[in-house]
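Notes follow once the structure below has been shown.
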Amino acid sequence: MKSRYTKTITYRGADTEVWNPLAIARDLVVALLVAVVFWYLWPFYGVPTGSRGVVTQFGKITGIENEGLVVLPPWQRLTNFSVRAEQADIKRTEASTSDTQPVYVSLTVRYSITPNKISEVYERYSHTGDLSNYVQTAAMEVLKAVASRYTATDLIAKRSQVSADITSTLSTKLALYGAQVINVDIRDFSFSKEYMDAINAKVTQEQLRLGAENKLKTVEAEQKQKVAVAEAEARATIATAEAQARSISLQSAALKASSEILELKRVEVELEKAKKWDGKLPQNVYAGAPIPFLNVGK
């Protein structure tokens, strides 16, 4: 069967089918042209999650499309522009403190493009939303500026405040590039070996001083406790002595009152006997026996 890609030739009186390269080349060129035209005229585009579509017409931005399907005429083009959180790593950047101590800092800056600045960033800085180079440069400048406000000791003691100052200053600077800072993480914070040795020695001395002060406070507390116990015991002894003296006094008063009561009872008994006496004296008087009271006048 004869094909459009073959042709018939006569060789030594016989017809033979051979490939026709011109027909094959022609169809390939036509198919390529159709594919190019179809690709150029393809109207359907997709904007993935975390991106915005920048629509351009002959190089000029004509609109910003949200995520999803976008249908455009052939004379317009769509470029996907990332608005996801990106990060820039700054490794061991050297800065100087206000007391001229060198400090080495490594940090990570997470940022994203401000949605209403997409056109500006696309035109001036990046067609993809990647501003890592700008962020790295700005972060190093900010780091050196912030470090120069603090002494080396304050950089260590006020690390959270230093991080807040870097974030605030960097946010202001990156706003000029149409980006916003999400957060700044200080990954490494170190000084020269000589300075760190001096810091460690100072910390050791401070710990020894605090230990001595704590020991002194403990001894003073123990002494105060002993004095308090002794005072309490003395007060208890005095109170006991006073209570004993009071008890003795009460007992004496009670005994005195008892003897007076007994004497009164005895007198009452004798008086009762005297009333009952018949006037006869006892024939036998013993030593210590009571003699009845005699009313001589009567």
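Output the strands (runs of 3 or more DSSP E) that fall wholly within the stretch 57-150 and possess 1 or more residues being among the aromatic types (Phe, Trp, Tyr), or say none.
Numbers: elements: 60-65, 68-71, 76-82, 86-96, 102-113.
By residue number, 76-82, 102-113.
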* Matching residues, the stretch 205-245, being within 30 Å of Ile156 (Cβ to Cβ) and at pLDDT below 80 -> Glu206
* Asked: Yes or no: Ile9 hydrophobic (A, V, I, L, M, F, W, C) and either in a loop (DSSP other than H, G, I, E, B) or modelled with pLDDT of 85 or more (or both)?
  -> no
* Please go through the stretch 12-58 and pick out each residue that is modelled with pLDDT of 75 or more and either of a type in the set (A, V, I, L, M) or farther than 30 Å from Tyr122 by Cα (or both). => Ala25, Arg26, Leu28, Val29, Val30, Ala31, Leu32, Leu33, Val47, Val54, Val55
* Working carefully through the options Thr167, Thr204, find the one that is in the same structural domain as Tyr104 (by TED's automatic domain parsing), within 27 Å of the chain's Cα centre (by Cα), in a helix (DSSP H, G or I) and not aromatic (Phe, Trp, Tyr). => Thr167
* Got at least one residue in the stretch 145-166 being surrounded by 13 or more Cβ atoms within 10 Å (Cβ to Cβ) and within 30 Å of Ile64 (Cβ to Cβ)? -> no
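Confirm whether Ile113 is of a type in the set (Val, Ile, Thr), in the same structural domain as Ala139 (by TED's automatic domain parsing), farther than 19 Å from Asp165 by Cα and surrounded by 13 or more Cβ atoms within 10 Å (Cβ to Cβ).
On the way: of a type in the set (Val, Ile, Thr): yes; in the same structural domain as Ala139 (by TED's automatic domain parsing): yes; farther than 19 Å from Asp165 by Cα: yes; surrounded by 13 or more Cβ atoms within 10 Å (Cβ to Cβ): yes.
So Ile113 passes the test.
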* Which members of the stretch 46-65 meet the condition of being farther than 16 Å from Thr128 by Cβ and either crowded, with 16+ Cβ neighbours inside 10 Å or among the hydroxyl-bearing types (Ser, Thr, Tyr) (or both)? -> Thr62
* Say whether the condition of being basic (Lys, Arg), out of contact with any Leu (no Cβ under 8 Å at 6 or more places or on another chain), under 24 Å from Gln87 (Cβ atoms) and free of Cβ contacts under 8 Å to residues at least 60 places away in the same chain is met by at least one residue in the stretch 120-140. => yes
* Asked: For the subset of the stretch 141-153 comprising residues that are touching a residue at least 40 places away in the same chain (Cβ under 8 Å) and among the charged types (D, E, K, R), which member is farthest from Leu107 (Cα to Cα)?
  -> Arg149
* So is Val109 under 27 Å from the mean Cα position of the chain (by Cα) and in contact (Cβ under 8 Å) with a residue 60 or more places away in the chain or not? -> yes
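Restricting the stretch 41-56 to residues that are polar (S, T, N, Q) and either in a strand (DSSP E or B) or in the same structural domain as Arg124 (by TED's automatic domain parsing) (or both), which is farthest from Val71 (Cα to Cα)? Spell out how you get there, then give the answer.
Just the residues of the stretch 41-56 that are polar (S, T, N, Q), to begin with: 49, 51, 56.
Okay, now just the ones that are also either in a strand (DSSP E or B) or in the same structural domain as Arg124 (by TED's automatic domain parsing) (or both), so 51, 56.
Numbers: Ser51: 16, Thr56: 13 Å.
Looking at the filtered set, the residue picked out is Ser51.
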* Asked: Quick one: which of Ser192, Ser163, Ser168 is on the phi < 0 side of the Ramachandran plot, touching a Pro at 6+ places or on another chain (Cβ under 8 Å) and of a type outside the set (A, V, I, L, M)?
  -> Ser192
* **Condition met for Ile186 (closer than 15 Å to Ile90 by Cα, touching a Lys or Arg at 6+ places or on another chain (Cβ under 9 Å) and not in a helix (DSSP H, G or I))** => yes
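The values are calculated or read from the model by the stated rules, or taken from the named source; none is laboratory data. Here the structure is a predicted model, which means the values were calculated and not measured. FYI the Cβ positions are ideal-geometry reconstructions off the backbone, even for glycines, and counts take in every protein chain you see.
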